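Below is one structure; the comments refer to it alone.
The values are calculated or read from the model by the stated rules, or taken from the named source; none is laboratory data. Here the structure is a predicted model, which means the values were calculated and not measured. As a convention, Cβ positions derive from the backbone with ideal geometry for all residues, glycine included, and neighbour counts pool all protein chains shown. Accessible surface areas use protein heavy atoms only, side chains included; no ligands, DNA or RNA. Shrake-Rupley method; radii C 1.70, N 1.55, O 1.52, S 1.80 Å.
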Amino acid sequence: LDMSQTFSLKVPLLRKIFPDARFVVQSRNPYAVCVRASQDFRYEWVRELEATEETRRLKLQLVSEHWRNTFACATEDLEKDDHALFVRYEDLTANPEEELRRIAESVDLTYNPDMIPREHHRLPLGAKERHKWYPLRADTNQKYLDRLNPSMASVIEENVGDIAEPLGYRPPTDLGKG
């Protein structure tokens, strides 16, 4: 199990190394993810690019292309794979027991209720922010979707639409002013 996008680009190699591997690919709403990634101000170079509407649009274009390329590779490489499962982040946070049962079954594990983060659990190794662990929050995309305007949605849809729609993602109809 790996949450980086790197391995989604290496499915054929992983299949050769681990011929019996089971793949679980988790997607997250590209309209929220791309807005978040394009407006990430943690790095100075990102802040410097915020100077004009043109550079903001370019950043959104780049992160949309990244989302598309990542999921295009994974879906293409795994489309006929009986041992691949696609899981939407939104479904996992909204219905964790149901989705974790589905994931466990697909990888031949026995579901255990402790697979869902609980108040009494310790933070996983490497985790630093308890609020991101427990309680599960199904509304984490909303603050990014609230920033999405029609122009931004158009850029994202142009880049990800053909990959995102089969995964159940469409541009929101109630767009904010961004």
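The table below gives the values:
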{"item": "Within the accessible area of the chain (1.4 Å probe), percent carbon and sulfur", "result": "52"}
{"item": "Correct option for percent of Cα pairs over 31 Å apart [calculated from the coordinates] among [x] 23; [y] 50; [z] 54", "result": "[x]"}
{"item": "Calculated FRET efficiency for the pair residue 17/residue 79, C-beta based, R₀ 30 Å, to 0.05", "result": "0.90"}
{"item": "Residue 62/residue 104 FRET efficiency (R0 22 Å; Cβ-Cβ; nearest 0.05)", "result": "0.05"}
{"item": "Segment residue 127-residue 69, extension gain: residue separation times 0.36 nm, minus the distance between their alpha carbons", "result": "18.1 nm"}
{"item": "Amide H within-cut-off set for residue 86, under 5 Å, with H built and near neighbours excluded", "result": "25"}
{"item": "Surface accessible to a 1.4 Å probe, per residue, for the residues of the range 30-169, Å²", "result": "63"}
{"item": "Cα-based reach from residue 80 at 17 Å (exclusive), listing lysines while leaving out same-chain residues under 8 positions away", "result": "10, 16"}
